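**Student:** First the structure, which I've put down as structure tokens, then a few questions once you've had a look.
The values are calculated or read from the model by the stated rules, or taken from the named source; none is laboratory data. These figures come from a predicted structure and were not determined experimentally. Positions of Cβ are backbone-derived with ideal geometry, glycine not excepted, and every protein chain shown enters the neighbour counts. Protein only, heavy atoms only, side chains kept; ligands, DNA and RNA dropped before computing areas. Shrake-Rupley method; radii C 1.70, N 1.55, O 1.52, S 1.80 Å.
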Amino acid sequence: MKLSREEVLGGVLELLSETFQQTHGHYLDKNTDLLHSLADLNAQEASTAIPGGSSIIAHVYHLLFYLEAIQGFMDKSRTEKVDWPATWQVQQLDEAGWQQLKERLQEGYQQTASFIKNLPLNDVDEFSGALDLVTHSSYHLGAIRQILLFSKSQS
């Protein structure tokens, strides 16, 4: 059976929405999605890096940049090379900056979901890009959840 464009993109969107706001139940436990995991963290908690690693703020900042960049590559509006190491430089924020970053992430997710929903899906690069958005976001969710577990074990 051949899948339609809507079925393929619908599956991608379900996984992306579960990663960000757990609207489905494919792979995450209850209340472990990205937006829920970040909701009650204060700036100090989110600014604390694990030994040899990055802070939650760095992961969120990088992920937000990634969401914007990959869309630009997919719709051909972004052609310049990205300085990926620079996307990890923001490690700490004050409370106002952290709240703003969380809001920007939610907006970035919503824009990404809308972008994928309207993706023509004309070639393998578009499909690969959509899958990249899911897998990359899921990776950062996992990394953030591990930082949270480590931080709790140190308290």
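**Student:** As I understand it, the value is the acute angle between the Cα axis of helix 95-117 and the longest principal axis of the Cα atoms of the chain; what does it come to in degrees, rounded to 10?
**Tutor:** The answer is roughly 10 degrees.
**Student:** Heavy atoms only, probe 1.4 angstrom, no DNA, RNA or ligands counted: give me HIS62, HIS26, HIS36 ranked by accessible area, highest first.
**Tutor:** Ranking HIS62, HIS26, HIS36 by accessible area, largest first, yields HIS26, HIS36, HIS62.
**Student:** A follow-up question, please. Considering only protein heavy atoms and a 1.4 Å probe, what is the carbon-and-sulfur percentage of the accessible area of the chain?
**Tutor:** Roughly 51 percent, rounded to a whole number.
**Student:** Using the scaling law 2.2 N^0.38 Å as the reference, what is the normalised Cα Rg of the chain?
**Tutor:** 1.07
**Student:** On to the next question. Give me the percent relative contact order of the range 12-155, please, defined on Cα pairs under 8 angstrom at least 6 residues apart.
**Tutor:** Dividing the mean separation by the residue count of the range 12-155 yields 32 percent.
**Student:** Let me ask something else about it. So what's the back-of-envelope 222 nm ellipticity for the chain, counting only DSSP H runs of four-plus at -39500 (n - 2.57) apiece and dividing by all residues, rounded to 500?
**Tutor:** Estimated from H runs of four or more residues: -22000 deg cm²/dmol.
**Student:** Please give every one of the lysines within straight-line cross-link reach of LYS30, meaning a C-alpha to C-alpha distance under 24 Å, and leave out same-chain neighbours fewer than 8 residues apart.
**Tutor:** LYS102, LYS152
**Student:** Can you give the angle from 0 to 90° between the axis of helix 56-74 and the longest principal axis of the chain, with both taken from C-alpha atoms, to the nearest 10?
**Tutor:** 20 degrees
**Student:** What accessible area, in Å² to the nearest ten, does a 1.4 Å probe give for ASP132?
**Tutor:** Surface accessible to solvent at ASP132 totals approximately 60 Å².
**Student:** Using a 7 Å offset from Cα along Cα-Cβ at SER153, what residues in the range 24-59 end up with backbone N under 18 Å from the label point?
**Tutor:** Under cut-off, by backbone N: 48-56.
**Student:** Work out the FRET efficiency for LYS81 and LYS117 from their Cβ-Cβ distance, taking R0 = 30 Å, and round it to the nearest 0.05.
**Tutor:** It comes out at approximately 0.60.
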